[in-house]
1. For residue 100, enumerate residues with amide H under 5 Å from its amide H, sequence gap 5+ or separate chain, H modeled in the peptide plane.
2. Read phi for every residue in segment 110-126 and hand back ³J(HN,Hα) as whole Hz from Karplus 6.51 cos²θ - 1.76 cosθ + 1.60, θ = phi - 60°, with x for Gly and Pro.
3. I need the P(r) histogram for segment 41-182: all alpha carbon pairs, bin width 5 Å from 0 out to the longest distance, whole percents.
4. Mind putting a number on the dipole of the chain about its Cα centre? Charges go on the C-beta only, +1 for Lys and Arg and -1 for Asp and Glu, and I need it in Debye to the nearest 20.
5. What FRET efficiency comes out for the pair residue 156/residue 66, r = Cβ-Cβ distance, R0 = 22 Å, nearest 0.05?
6. Can you pull the accessible area of residue 76 for me, 1.4 Å probe, Å² to the nearest 10?
7. Using the Karplus equation 6.51 cos²θ - 1.76 cosθ + 1.60 (θ = phi - 60°), what ³J(HN,Hα) coupling, rounded to whole Hz, does each residue of segment 22-30 give in order, writing x for Gly and Pro?
8. From the backbone phi of segment 43-51, what are the Karplus-calculated ³J(HN,Hα) couplings (6.51 cos²θ - 1.76 cosθ + 1.60, θ = phi - 60°) in whole Hz, Gly and Pro given as x?
Amino acid sequence: MPGARISSSRVYTGRIINVDLDQVRFPNGSIGELEMVRHSGASAVVPFLSDPFGDDPQILLLKQYRYAAEDYLYELPAGRLDPGEDPADCARRELREETGCTAERVEHLLTFYTTPGFTDEKIHLFMATGLTQGPSGRESDEFIEVQTFPLSRALSMVGSGEIRDGKTALGLLYTAGFRIGT
């Protein structure tokens, strides 16, 4: 390993994140302190209402209020992993809770770090197909409107800056460019 943690001290414990102050030996041998946001990780899912390989498939996006952004953002269904939870199970759970849909198939696409400069959070990205509509089970702090878009429109929303959420932009671009070849 190029760097190593020498010691760690928990300075904050919260519902969603913890914050540690780590003493670290850097790759060049010097020692310093880093504040690290610890997160259990999450799963996100690109939900297709129609055949993803068809002509301009339909997808679901959430229009969700985000306090940190002080606005509504278009997002993929996503959420935190429960302790010991399999990322695919988390993707299925979040899809059901936030959209009311269950998926016949959930396929892993990639796993990425959100902001490795200060957090260890990883998001596991999935594609869901064969959706069946049912009741949602949103949490009390989730203010969500589920909207349907042709994939081409969602991609143009990324290009125009209308989609500003990183996991959503990456999820749509990755799916279109590397999975279904739009």
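The values are calculated or read from the model by the stated rules, or taken from the named source; none is laboratory data. Because the structure is a prediction, the values reported are computed rather than measured. Reconstructed Cβ throughout: ideal geometry from the backbone, glycine too, with neighbour counts over all protein chains shown. These accessible areas exclude ligands, DNA and RNA; they are computed on the full protein's heavy atoms, side chains included. Shrake-Rupley method; radii C 1.70, N 1.55, O 1.52, S 1.80 Å.
1. 137
2. 6, 10, 9, 7, 6, 8, x, x, 8, 9, 9, 4, 10, 10, 9, 9, 10
3. Per 5 Å bin, starting at 0, the Cα pair percentages come out as 2, 10, 21, 25, 23, 13, 5, 1, 0.
4. Working: 18 positive and 27 negative charges, 71 e Å.
The calculation lands at about 340 debye.
5. Details: r = 22 Å, r/R0 = 0.98.
In this case the efficiency is close to 0.50.
6. Around 0 Å² of this residue is reachable by solvent.
7. Here the 3J(HN,Hα) series is 9, 8, 10, 9, 7, x, 8, x, 6 Hz.
8. Values per residue, Gly and Pro as x: 10, 10, 9, 8, x, 9, 7, 10, 4 Hz.
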